[in-house]
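*Asks:* Have a look at this one.
The values are calculated or read from the model by the stated rules, or taken from the named source; none is laboratory data. As the structure is a computational prediction, the values presented were derived from the model and not from experiment. Neighbour counts run over all protein chains shown; Cβ positions are idealised from the backbone, glycine included.
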Amino acid sequence: MWCERCKQRQATVHVTKVINNHKTESHLCEVCAGKSGKDLGFLFEPNFSFHHLLAGLLESEFGVKSESFSQQKEESHKKCPTCGLTFTDFRNMGLMGCANCYDLFKDHLDPLLRRVHGSIAHTGKVPKRTGGRVRVRKEIEELRSKLQEAIKREAYEEAAKLRDEIKEKEEKLN
Amino acid sequence: MNLQGKIKDALPGWLNEPTPDGDVVLSSRIRLARNLRQLSFPHYAGEKQLEEVISQVNSVLKSSARLLPDYVLKRMDGLGQLDRVLLVEQYLVSLDLINNPAHRGVVLNKEQTVSIMLNEEDHLRIQSIFSGLQLKKAWELGTQIDDQLESQLDYAFNEEKGYLTTCPTNVGTGLRASVMIHLPALDIVDQVKRVLSVLPHVGLNVRGIYGEGTDSSGNLYQISNQVTLGLSEEEIISKLVSVTKQVIDQERSAREALLANESRLQLENRVNRAFGILTHARLLSSEETINLINDVLMGAELNMIPGIKVQTVKELLFLNRPAILQNLVGQELTPGERDYYRAAVIREHLTSAKE
Ligand SMILES: [Zn+2]
Ligand SMILES: [Zn+2]
């Protein structure tokens, strides 16, 4: 019997599967039997098992802290009032439950973030509408560098305008 | 039947020319993780909350039809399994999204350069993908769509931590940028591991597209950023671009070295043998095809096969995939039938390209 996959070698591996009373038989050569299921191999996206890695890091984080057993117990019962995630859940899964969890578990998260990202502070994009004060601060920064440039170019009229704009935004922050 | 027309329809829309640095880079992609402030993250959300995500995104699409024309929302539970796998094979959604189709969805633009996964690990995953090394273009389009959505959605954003994500490894920018590269010459000179092993030291991840870890049977690899917090999006992208350019240089010099000495004949032999099989075989398994495409792709990248363009061979990588193939043939196929149709489609695609 020829292998039903490659049709090039003798079928030496015979597999019978029963799914929902439906019997299927497959006859494969050793090469193809080893590869069976690899048709979709590229679909396998190893997540670097990040969640488990995180959970592991968190575990060790917890281990180094010389907290008493009762403190640990108290901590593990801490529960997010918004989504219901407990610290134990987070430790097991390495996933947050909602936006509020980030504030609630901040003390445990920060050392972890420092280890994963080497930083705990975002310096990138700020949403236009919901960015709030950060957005304004960022805009002030941008205006300041424009101001420096204007002064260099001796474009004093433009510089004066920019100064006014900066002042206006700074007042918004206070 | 008009097979060429069907082939074009089955291939992902983003797989198009122009392809800058297309002799080494297959595709560039960015993904932005975004969540809605008021709702629990998908893995902790109930059905109602998940549906709320879908309906909020749907109303943004409706009210900004002028700015986001031709954007269509598809529910995963409204598609058959074959159509879902098709989207995965076209790199438009992830396997995670279709493994759990209820209350999941995707928004696609007409060109398929943008896809927004709904209720995958995060409420929104905005993806932008282009052929060749076009990471900046992908970022520009992605961030523009992001702005458009944010003008009406309340994102979970924290002054200190940035965009809040389900997994803390994505927090901050929520940006995952990646490129897919083909390194056949580095593989022949046995230097792939040496070159790629440096990348984790500069904060980049590498994985093989086929196979596990850094073993890749098609010599195809994906490089992506590891860190999402503490760097700006521009910094993340320019770092990935500059490292990718260095890897491209290494691969190109390996190719030149191979062509310059007696190994040229061996290379031509290998490329043309693979081309011969792909244009004449009557049955092709997907594993065998990946290895043959690797050789023929290298041949096209080196201009070794008259009339065969890199683009045509890249398309074979997709035609090799089961759901794309079945979509093309228009029926479900057993593995044995797939091998038959795979050979027929590949033969047709290569011969019609040569004419
Ligand atoms: Zn076999
Ligand atoms: Zn929570």
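*Asks:* Check A:Gly94 against each of (1) outside the structural domain of A:Pro81 (by TED's automatic domain parsing); (2) within 26 Å of B:Glu233 (Cβ to Cβ); (3) at pLDDT below 90 and name the one condition it does not meet.
*Replies:* The number of the failed condition is (1).
*Asks:* Additional query: What are the pairs, 6+ residues apart or on separate chains, where a residue within the stretch A:126-144 that is basic (Lys, Arg) has its Cβ under 8 Å from a residue that is in a helix (DSSP H, G or I) and modelled with pLDDT of 80 or more?
*Replies:* From the stretch A:126-144, the pairs are A:Lys128/B:Asp147; A:Lys128/B:Glu150; A:Arg129/B:Glu150; A:Arg144/A:Ile166.
*Asks:* Within the set of pairs 6+ apart or on separate chains, which have a first residue in the stretch B:280-292 that is more than 10 Å from chain A (Cβ to nearest Cβ) and farther than 17 Å from B:Ile324 by Cα, a second that is within 15 Å of ligand 1 (Cβ to nearest atom) and not aromatic (Phe, Trp, Tyr), and C-beta atoms under 8 Å apart?
*Replies:* B:Leu292/B:Leu284
*Asks:* To continue, here is another question. Counting only residues that are among the aromatic types (Phe, Trp, Tyr) and more than 7 Å from chain A (Cβ to nearest Cβ), how many does the stretch B:150-173 have?
*Replies:* Total meeting the criteria: 1.
*Asks:* Give the residues of the stretch B:270-294 that are at pLDDT below 95 and among the polar types (S, T, N, Q), sorted by residue number.
*Replies:* Correct list: B:Ser285, B:Ser286, B:Thr289, B:Asn291, B:Asn294.
*Asks:* So, one more: Please determine whether any residue of the stretch B:142-154 is assigned to a strand (DSSP E or B) and touching a residue at least 24 places away in the same chain (Cβ under 8 Å).
*Replies:* no
*Asks:* Do we have B:Arg84 as part of a strand (DSSP E or B), more than 16 Å from ligand 1 (Cβ to nearest atom) and under 24 Å from the mean Cα position of the chain (by Cα) here?
*Replies:* No; evaluated as a whole, the condition is false for this residue.
*Asks:* Quick one: which of B:Ile248, B:Ile277 is more than 30 Å from A:Val126 (Cβ to Cβ), in contact with an Asp or Glu (Cβ under 9 Å, 6 or more places away or on another chain) and either among the polar types (S, T, N, Q) or assigned by TED's automatic domain parsing to the domain that holds B:Arg29 (or both)?
*Replies:* Only one candidate qualifies: B:Ile248.
*Asks:* Right, here's the next one. For the stretch B:312-355, give me each residue that is surrounded by fewer than 19 Cβ atoms within 10 Å (Cβ to Cβ) and of a type in the set (D, E, K, R).
*Replies:* Matches in the stretch B:312-355: B:Glu332, B:Glu337, B:Arg347, B:Glu348, B:Lys354, B:Glu355.
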